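Single-structure report; data block below.
The values are calculated or read from the model by the stated rules, or taken from the named source; none is laboratory data. Since the structure is predicted, the reported quantities are computational estimates derived from the model, not experimental observations. Please note: Cβ atoms are built from the backbone with ideal geometry, for glycine as well, and neighbour counts cover all protein chains shown.
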């Protein structure tokens, strides 16, 4: 059966055939062999036509030197990983484990399987956090996955201090470290970035004291990307007792001039004086693929709902997002026999809470502020992660005649990846004060 003929078959029929033939020796004409020193060789059956139809790499491979061969030895991944990869040739829906996703993605890149790269990209983004962001960053650079790279930079920048404490950061390679030091936006001081660089050198050298030679050997030119010009004299002075010997006389001279003279141009250091933590990253100059999404809960106008002193909106997400603004529903006040929108607005104290687990009920305050406006702009976007619940508490002191007319959706599907679910309460099912969420996607 030729590749073109296989593509002409109805998708439903191909799906049934694929499910039947996956890991089945029936009609198999190629076997992938995995040899280990402590176990017998494992042989995984496959079908050249299925592989060639979805991969130009396999198509070229099976029409050239391998046209008469029926065994391919695989040495760089395990059998279970390769089985997960083979799903993309046989199934319309696949299951990739978080443990194997990086290795499966490398196979997708090696054999040019776009669907594999897309699925792995989404899975990595969905599970991205401060503990694995650096490992995913390395992978994104290796495979040249631009959007995954950008997502990792958002996570590293947003959670810089926590990322610096992760094992992935302390064991990352020099190229990855160099890229992190070059990032324009990090939610940490330059002192904290410097200390993180020193901790990385100590972890790599297994030494407690950093020397000038260790900095040159491990950090290399990235040392000169540290923004000493964004430090004050007092901040730089705090580094001297522990790290004074890593600076040469010329480096001392340059750093002092960079700090003292805003017009001085260094030939050694990059001379940037802008603090990374004060840069607004939410623009296309830093993240070219950044999109502002609006989630609207409006369903219909219905009977009046009278506002209480404490209104709570509990929600969760299927995909990481950065929440940066919330919009309140229109509020009405009964006056002179009619309901009017109040001229002065209704002041609310807004608190956004992250609930760690439903069992412990541990809460972290992500934001606290006041607003009289329909839109509450957050000074810093809040990371909303899958697996957690978030609660927006709005405290106000309304009269008994303050109300809304809105019925709100309890679930909103933004796209194929992002679904936001709102917890329903019996006393105010489909009611509340939060009409819209504005967010960026991780």
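Please give the number of the condition residue 198 fails out of (1) assigned to a loop (DSSP other than H, G, I, E, B); (2) surrounded by 15 or more Cβ atoms within 10 Å (Cβ to Cβ).
The number of the failed condition is (1).
Criterion first (surrounded by fewer than 16 Cβ atoms within 10 Å (Cβ to Cβ) and not assigned by TED's automatic domain parsing to the domain that holds residue 419) does residue 209 satisfy it?
Details: surrounded by fewer than 16 Cβ atoms within 10 Å (Cβ to Cβ): yes; not assigned by TED's automatic domain parsing to the domain that holds residue 419: yes.
Criteria met by residue 209.
Going by what's in this entry, would residue 372 be described as under 21 Å from the mean Cα position of the chain (by Cα), at pLDDT below 90 and surrounded by fewer than 17 Cβ atoms within 10 Å (Cβ to Cβ)?
On the way: under 21 Å from the mean Cα position of the chain (by Cα): no; at pLDDT below 90: yes; surrounded by fewer than 17 Cβ atoms within 10 Å (Cβ to Cβ): yes.
Considered against the rule, which asks whether it is under 21 Å from the mean Cα position of the chain (by Cα), at pLDDT below 90 and surrounded by fewer than 17 Cβ atoms within 10 Å (Cβ to Cβ), residue 372 comes out as no.
Given the criteria within 28 Å of residue 380 (Cα to Cα) and assigned by TED's automatic domain parsing to the domain that holds residue 186, does residue 231 qualify? Talk me through it step by step, then tell me what you get.
Details: within 28 Å of residue 380 (Cα to Cα): yes; assigned by TED's automatic domain parsing to the domain that holds residue 186: yes.
Taking the combined requirement at face value, the residue satisfies it.
Let me spell it out: the conditions are (1) surrounded by fewer than 20 Cβ atoms within 10 Å (Cβ to Cβ); (2) not assigned by TED's automatic domain parsing to the domain that holds residue 24, and residue 112 meets all of them except one. Which number is the exception?
(2)
Would you check if there is a residue in the range 339-356 being free of Cβ contacts under 8 Å to residues at least 24 places away in the same chain, part of a strand (DSSP E or B), out of contact with any helix residue (DSSP H, G or I) (no Cβ under 8 Å at 6 or more places or on another chain) and over 30 Å from residue 147 (Cα atoms)?
There is at least one residue in the range 339-356 that is free of Cβ contacts under 8 Å to residues at least 24 places away in the same chain, part of a strand (DSSP E or B), out of contact with any helix residue (DSSP H, G or I) (no Cβ under 8 Å at 6 or more places or on another chain) and over 30 Å from residue 147 (Cα atoms).
Tally the residues that are surrounded by fewer than 15 Cβ atoms within 10 Å (Cβ to Cβ) and closer than 30 Å to residue 412 by Cα, restricting the search to the range 257-284.
So the count comes out to 3.
For residue 158, only one of the following conditions fails: (1) touching a residue at least 40 places away in the same chain (Cβ under 8 Å); (2) buried (at least 20 other Cβ atoms within 10 Å of the Cβ); (3) touching a helix residue (DSSP H, G or I) at 6+ places or on another chain (Cβ under 8 Å). What is its number?
That leaves (3) as the condition not met.
Taking residue 252 as meeting all but one of (1) surrounded by 13 or more Cβ atoms within 10 Å (Cβ to Cβ); (2) assigned by TED's automatic domain parsing to the domain that holds residue 227; (3) touching a helix residue (DSSP H, G or I) at 6+ places or on another chain (Cβ under 8 Å), write down the number of the exception.
(3)
Among the candidates 399, 404, single out the residue that is in a loop (DSSP other than H, G, I, E, B), over 28 Å from residue 127 (Cα atoms), in contact (Cβ under 8 Å) with a residue 60 or more places away in the chain and out of contact with any helix residue (DSSP H, G or I) (no Cβ under 6 Å at 6 or more places or on another chain). Before you say what the answer is, go through the steps one by one.
Details: 404 fails: in a loop (DSSP other than H, G, I, E, B).
One residue alone meets the criteria, 399.
Does residue 287 satisfy the condition of being under 23 Å from residue 228 (Cβ atoms), out of contact with any strand residue (DSSP E or B) (no Cβ under 7 Å at 6 or more places or on another chain) and surrounded by 11 or more Cβ atoms within 10 Å (Cβ to Cβ)? Don't jump to the end; show me each part of the working.
Working: under 23 Å from residue 228 (Cβ atoms): no; out of contact with any strand residue (DSSP E or B) (no Cβ under 7 Å at 6 or more places or on another chain): yes; surrounded by 11 or more Cβ atoms within 10 Å (Cβ to Cβ): yes.
Taking the combined requirement at face value, the residue does not satisfy it.
Only one of these conditions is not met by residue 316: (1) closer than 21 Å to residue 382 by Cβ; (2) in contact with a helix residue (DSSP H, G or I) (Cβ under 8 Å, 6 or more places away or on another chain). Which number is it?
Tallying (1) closer than 21 Å to residue 382 by Cβ; (2) in contact with a helix residue (DSSP H, G or I) (Cβ under 8 Å, 6 or more places away or on another chain), residue 316 fails exactly one: (2).
State yes or no: is residue 148 farther than 17 Å from residue 181 by Cα and crowded, with 22+ Cβ neighbours inside 10 Å? I'd like the intermediate steps shown before the answer.
Numbers: farther than 17 Å from residue 181 by Cα: yes; crowded, with 22+ Cβ neighbours inside 10 Å: yes.
Against the criterion (farther than 17 Å from residue 181 by Cα and crowded, with 22+ Cβ neighbours inside 10 Å), residue 148 qualifies.
In the range 211-323, which strands (runs of 3 or more DSSP E) lie fully inside it and hold 2 or more residues that are touching a residue at least 40 places away in the same chain (Cβ under 8 Å) and over 28 Å from the mean Cα position of the chain (by Cα)? Steps first, answer last, please.
Details: elements: 292-296, 298-306, 310-317.
Once the strands (runs of 3 or more DSSP E) in the range 211-323 are filtered for at least 2 residues that are touching a residue at least 40 places away in the same chain (Cβ under 8 Å) and over 28 Å from the mean Cα position of the chain (by Cα), what remains is 298-306, 310-317.
Mind listing whichever residues of the range 59-71 are touching a strand residue (DSSP E or B) at 6+ places or on another chain (Cβ under 9 Å) and surrounded by fewer than 15 Cβ atoms within 10 Å (Cβ to Cβ)?
Going through the range 59-71, the residues touching a strand residue (DSSP E or B) at 6+ places or on another chain (Cβ under 9 Å) turn out to be 61-62, 66, 69-71.
Across the range 59-71, the qualifying residues are 69, 70, 71.
Name the residues in the range 15-58 that are part of a helix (DSSP H, G or I), surrounded by 14 or more Cβ atoms within 10 Å (Cβ to Cβ) and more than 34 Å from the chain's Cα centre (by Cα), would you?
Passing the criteria: 17, 21, 48, 49.
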